[in-house]
Amino acid sequence: MRLTVHRSTSSTGRQKARIEQVADQAGEIVASRLGGRLGATQLVLTDGAGLAALGYRADLAVAGEARRSRRLRARVESQRGRTCLGLTVLNGSGTTVLVNGARHKGDLRELDATLLHELAHAVQLSQHAARDLKIRYLRMCFGADPDDRGLRTRYDSQLDIHEQQARNLEALARRLPAHPGKDQ
């Protein structure tokens, strides 16, 4: 996995070093537990605004020829930037995990849990059926395809299951190598 830094925060150096230290092992743990494989995954360390903007652009790119809505963009970006510790989005060859370094405030234990959580979503979205459902859902949300209540229900059900699986894997952060410093 390749890590890039999109926007810096005061803790970026420590967070970047920690992600580089544990990302491969975290991916192996998650793939093993979920019985899947981690496809091509990029990691991006950013802040809230970066997470929101990159996430929106990735979703829009996957949706294809979509009706760009400024209102939708503003709602999605502001919600994601304020609340998300991390976000996993589709890209052309796999997934991108966006980590909101600013929300972790230097807490490396929380960073480890977030990395496991988001890598779980990367494994889940590597499954062909889950990836296709996500693309169809995004196309509907961006207005490229008509609204489909059944699709929305299937997507929401899958999302609930995926979120529960990802939350359950966060506790496995204790299996990652210890990190030095006061945030242990």
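How big is the charge dipole of segment 5-57 about its Cα centre, in debye rounded to the nearest 20, if each Lys and Arg gets +1 on its Cβ and each Asp and Glu gets -1 on its Cβ?
80
Name the residues of segment 90-119 whose amide N is less than 19 Å from a point 7 angstrom out from the Cα of R167 along the C-beta direction?
Only 110-119 fall inside the zone, counting backbone N under 19 Å.
For the chain, build the charge dipole from Cβ charges (+1 Lys, Arg; -1 Asp, Glu) around the Cα centre, then report which of A178, A120, Q42 sits farthest towards its positive end.
Checking the options against the dipole of the chain, the answer is Q42.
Excluding ligands and nucleic acids, what accessible area in Å² is computed for T41 using a 1.4 Å probe, to the nearest 10?
Roughly 10 Å² of T41 is accessible to a 1.4 Å probe.
On a 0 to 90° scale, report how tilted helix 108-125 is relative to the longest principal axis of the chain, with both axes built from alpha carbons and the result rounded to the nearest 10.
40
Take the solvent-accessible surface of the protein heavy atoms, probe 1.4 Å, and return the percent of it on the chain that carbon and sulfur atoms account for.
Here carbon and sulfur together make up 47 percent of the probe-accessible area.
Taking the Cα centroid of segment 1-48 and of segment 111-179, what is the distance between the two, rounded to the nearest whole Å?
16
Nearest 20 debye, what's the magnitude of the dipole of the chain about its Cα centre given +1 on Lys and Arg Cβ and -1 on Asp and Glu Cβ?
Value, rounded to 20: 440 debye.
DSSP beta bridges in the chain, what fraction antiparallel, as a percent rounded to 5?
35
In terms of modelled amide H atoms, which long-range or inter-chain residues lie less than 5 Å from the amide H of N91?
T96
What residues have an amide H closer than 5 Å to that of H6, excluding those fewer than 5 places away on the same chain, when H is modeled at 1.01 Å from N in the peptide plane?
Sorted by chain and number, the residues that satisfy this are L45, T46.
Per residue of the chain, what 222 nm ellipticity follows from adding -39500 (n - 2.57) for every DSSP H run with n ≥ 4, rounded to the nearest 500?
Values: 7 runs with 110 residues, N = 184.
Rounded to the nearest 500, it is -20000 deg cm²/dmol.
Tell me the angle of helix 12-34 to the major Cα principal axis of the chain, expressed in degrees between 0 and 90 and rounded to the nearest ten.
Between helix and principal axis, roughly 70 degrees.
Quick one: angle between helix 48-63 and the longest Cα principal axis of the chain, in degrees between 0 and 90, rounded to 10, please.
Once rounded, the angle reads 40 degrees.
From the square roots a ≥ b ≥ c of the eigenvalues of the alpha-carbon gyration tensor of segment 2-60, which class results: rounded (a/c under 1.5), prolate (a/b over b/c), or oblate? Please report the intermediate quantities before stating the final value.
Details: a/c = 2.91, a/b = 1.33, b/c = 2.19.
Oblate.
Looking at the chain as a GNM with Cα springs under 10 Å, which of T88, T96, T12 has the largest mean-square fluctuation?
T12
Between (1) 41; (2) 21; (3) 37, which entry matches percent of Cα pairs over 28 Å apart as derived from the coordinates of this structure?
Identified label for the calculated read-out: (2).
Relative contact order for segment 114-184: what is it in percent, counting Cα pairs under 8 Å that are at least 6 residues apart?
The value is 44 percent.
Per 0.36 nm of contour for each residue apart, how much would the distance between D156 and Q127 grow if the chain were fully extended, relative to their Cα-Cα spacing?
Here the answer is 8.8 nm.
Given a 1.4 Å probe, how much area per residue of segment 127-173 is accessible, in Å²? Mind dumping the intermediate values first?
Details: 2790 Å² over 47 residues.
So segment 127-173 comes to 59 Å² accessible per residue, rounded to a whole number.
The values are calculated or read from the model by the stated rules, or taken from the named source; none is laboratory data. Treat the numbers as computed from the prediction; the structure is a model and nothing was measured. All Cβ positions, even for glycine, are placed from backbone atoms using ideal geometry, and neighbour counts span all protein chains on display. Accessible surface is based on the protein model in full, side chains and every heavy atom, while ligands, DNA and RNA are left aside. Shrake-Rupley method; radii C 1.70, N 1.55, O 1.52, S 1.80 Å.
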